[in-house]
């Protein structure tokens, strides 16, 4: 991706290198549940995720601040550029429909931090918290995608960011509340199916962003789309479960299969039409 000279967002909150583990804001079971549901790319089950979330209370662990390396700074700049472009794309899309797009914050952290959805650690994976309209990202996950998931390339990171912003778009459109409102009415298996639809729609929305980013800026290079498709495929529930457990349990899926994730991303990329991303009514996911 060619991002040199592109505008950087003012909405990046960089908490890297400040040291110490920060405690959850608010805490409590409600915040933990929200955090679990919006841990987009972690791929783990709820038991595993709960082990990474700690309730509020007690002293914070002390840590030493460390300076950011040149690589850290470069990654931070890249994230800021991608966020800025999502702001422009979704701002324009919302204006076309008579809406106002409220820009989210993106928090970069190392090891652990706090959010309105509870305590977050690097093991949580990137996630969007509707409680404070912020995306949380430990860039160590990017290295994990490269080394362990086989998803290298800067566009893979752009896809992760765009997907999380897709959750913010859903929240802005009122879809998040609609989905969460179904939780008490559905069985665990049925609610998982609803979450899959929500995640696949976020994949579609990340593709919509890529469509307009390419059309208006042209900074997506040859091979970038393949990186994005590979990243979407790498975090499919079936692939992650097979790697971690050796077996696949479809009823436990919360994000969709590798094929589904890549296909919905491509549909958004090819159409650029937000109206074609209604995964909740789609006959075939």
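Readers should treat all values here as calculations from the given coordinates under stated rules, not as data from a laboratory. Quick caveat, the model's predicted, so the values are computed rather than measured. Note that each Cβ is placed from the backbone with ideal geometry, even for glycine, and that neighbours are counted across all protein chains shown.
What nm value, rounded to one decimal, do you get for the distance between residue 73 and residue 185 when each label is placed 7 Å out toward the C-beta?
Between residue 73 and residue 185, the label points sit 5.3 nm apart.
Of all beta bridges DSSP finds with both residues in region 90-190, what is the antiparallel percent, to the nearest 5? Could you put the intermediate results ahead of the total?
On the way: 7 of 11 bridges.
Given both bridge residues lie in region 90-190, the antiparallel proportion sits at roughly 65 percent.
Once you have a ≥ b ≥ c as the square roots of the Cα gyration tensor eigenvalues for region 150-258, tell me rounded if a/c is under 1.5, and otherwise prolate or oblate according to whether a/b is larger than b/c.
Details: a/c = 3.60, a/b = 1.33, b/c = 2.72.
Cα axes put region 150-258 in the oblate bin.
Please state, to two decimals, what the Cα-based radius of gyration of region 139-204 comes to when divided by 2.2 N^0.38 Å (N = residues).
1.35
What is the distance, in nm, between label points placed 7 Å from the Cα along the Cα-to-Cβ direction at residue 102 and at residue 275?
2.7
Relative to the present Cα-Cα distance, how much length would full extension add between residue 147 and residue 177 at 0.36 nm per residue of separation? Intermediate results must be reported in sequence, preceding the final value.
On the way: separation 30, 0.36 × 30 = 10.80 nm, distance 3.57 nm.
Fully extending the segment from residue 147 to residue 177 adds 7.2 nm.
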